[in-house]
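**Q** Take this structure, written in structure tokens, and hold onto it; I'll ask about it next.
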Amino acid sequence: MQATASYKIFFIGDSAATIDFGNIINEEINKKAISLFNYLSQHPLEGTIEAIPAYSSVTIYMNVPLLRKKISPEKKVYEWITKELHKIMLQDLEDTQPEKNVVRIPVCYEDQFATDIHWLAEQKNISHQDIIRIHTSRQYRVYMLGFLPGFAYMAEVDDQVAVPRKAQPQWILAGSVGIAGKQTGIYPLNSPGGWQIIGRTPLKMFDKDETEPCLLKAGEYVQFYPITKDEFEDHQSRSI
């Protein structure tokens, strides 16, 4: 990342600072955010509690009482944090980008698991099979995790299958694959949700007992591929 990269720093209360690169869904901007997050993970600022990446920003949560003991009494904590973040932004952060990692995820698009696929087909005047073909035809970038543990926000879906979220949330089962606008995602847990459901994966997207509880990470890519109901049930039985 070049020192000329456009960004803003603003504070959330007195214990968190956000570096924002532009409030849009854009792969290049997201790469800047992930590069910064990776750098902060490898070279954390003194007093950092954690850093959290989002679509176009990174928020750093700080231990303010600790920082007040560490920095000069003449300096305010937010001034020190701002100065340190500006110094980091002068670094070449491109080296922190990992190699492209593509995670293949099986999805059963049959009616039992795809409660909204026929509605989507009617809205877009395409067939059930067209939706499957289009949804599995590209790789999706994981822009961020949020909403639920392990819920990966991925983009961008083809305009042919892009649809608004539901007007009212409904109960969604874990593993359900949905579309909302230009985004696609997988519900990691049973939860209310408003995305249009077009299938379900037998994979566990979140497992609290694993060393890495979330199957996906921000900055990775996902390739969906279709499976039958029998293959879905076979995978589930082997996972128990």
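**Q** Between THR211 and TRP171, what FRET efficiency follows from the Cβ-Cβ distance if R0 is 30 Å, with the result rounded to 0.05?
**A** Numbers: r = 30 Å, r/R0 = 1.01.
Computed FRET efficiency for THR211 and TRP171 comes out at 0.50.
**Q** Beyond 17 Å, how much of the Cα-Cα pair distribution for the range 102-239 remains, as a whole percent? Don't jump to the answer; show the numbers that get you there.
**A** Numbers: 5246 of 9453 pairs.
The calculated P(r) of the range 102-239 puts 55 percent of pairs beyond 17 Å.
**Q** If the cut-off is a Cα-Cα distance under 19 Å, which lysines reach LYS100, setting aside same-chain residues fewer than 8 apart in sequence?
**A** Output for LYS100: LYS31, LYS32, LYS217.
**Q** Please state, as a whole number in µm²/s, the translational diffusion coefficient that the Stokes-Einstein equation yields for the chain at 37 °C and 0.692 mPa s, with Rh defined as the Kirkwood radius across alpha carbon pairs.
**A** 168 µm²/s
**Q** If you build the convex hull over the alpha carbons only and average its shadow over all orientations, what do you get for the range 8-96? Give it in nm² to one decimal.
**A** Its average projected convex-hull area is 5.5 nm².
**Q** Given the rule -39500 (n - 2.57) for each run of at least 4 DSSP H residues, summed and divided by the residues of the chain, what is its mean residue ellipticity at 222 nm, to the nearest 500 deg cm²/dmol?
**A** -7500 deg cm²/dmol
**Q** In square nanometres and to one decimal, what's the mean projected area of the convex hull around the Cα atoms of the range 162-203?
**A** Reported value for the Cα convex hull: 2.6 nm².
**Q** Give me the compactness ratio for the range 33-168, meaning the Cα radius of gyration over 2.2 N^0.38 Å.
**A** Cα Rg divided by the expected 2.2 N^0.38 Å: 1.51.
**Q** Given points 7 Å out from each Cα along the Cα-Cβ axis, report the ARG138 to LYS75 separation in nanometres with one decimal.
**A** 4.5 nm
Quick note: the coordinates plus some simple rules give every number you see, no bench work behind them. Bear in mind the structure is a predicted one, so any value in this text is a computation, not a measurement. Because the Cβ atoms are built from the backbone with ideal geometry, glycine has one as well, and the counts that use them run over all protein chains shown.
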